[in-house]
Amino acid sequence: MKAWVVSLSCGILAGVIYAAIDVHSPAPPVVALLGLFGMLVGEQLIPIGRRLFSRQLTMSWFRHECVPKISGTPPPPRPGDGSEG
């Protein structure tokens, strides 16, 4: 939650600075969000490529390692790790 507050605060500060110097955001909001999403996905391409090349790419690894980094959600519990309840 703290990271979200810091991120939002920085975004608001950037918006205030843009307004103070009378310029517009360099990209429309949807384009900017798609760009950020692309960066998150792009960060995962190298680890995926390495795993694919070494034939160690599995959906379980992808769900536990890549999806949380892209979506910002905690990884799902692994079967048998004692956190299932």
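Tabulated data
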{"read-out": "Top-ranked residue in the range 24-34 [being within 18 Å of L8 (Cβ to Cβ), modelled with pLDDT under 80 and assigned to a helix (DSSP H, G or I); ranked as most open to solvent (accessible area, probe 1.4 Å)]", "value": "P29"}
{"read-out": "Single residue of P47, P77 found to be outside any helix (DSSP H, G or I) and either of a type outside the set (S, T, Y) or modelled with pLDDT of 90 or more (or both)", "value": "P77"}
{"read-out": "Test: V67 is assigned to a helix (DSSP H, G or I) and in contact with a Ser or Thr (Cβ under 8 Å, 6 or more places away or on another chain)", "value": "yes"}
{"read-out": "Top-ranked residue of the range 38-64 - restricted to ones that are out of contact with any helix residue (DSSP H, G or I) (no Cβ under 8 Å at 6 or more places or on another chain) and hydrophobic (A, V, I, L, M, F, W, C), ranked as surrounded by the fewest Cβ atoms within 10 Å (Cβ to Cβ)", "value": "M59"}
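The values are calculated or read from the model by the stated rules, or taken from the named source; none is laboratory data. Please read all numbers here as calculations on a predicted model, not as lab measurements. FYI the Cβ positions are ideal-geometry reconstructions off the backbone, even for glycines, and counts take in every protein chain you see. Ligands, DNA and RNA are stripped out before the accessible areas are found, and what is left, the full protein with its side chains, is counted by its heavy atoms. Shrake-Rupley method; radii C 1.70, N 1.55, O 1.52, S 1.80 Å.
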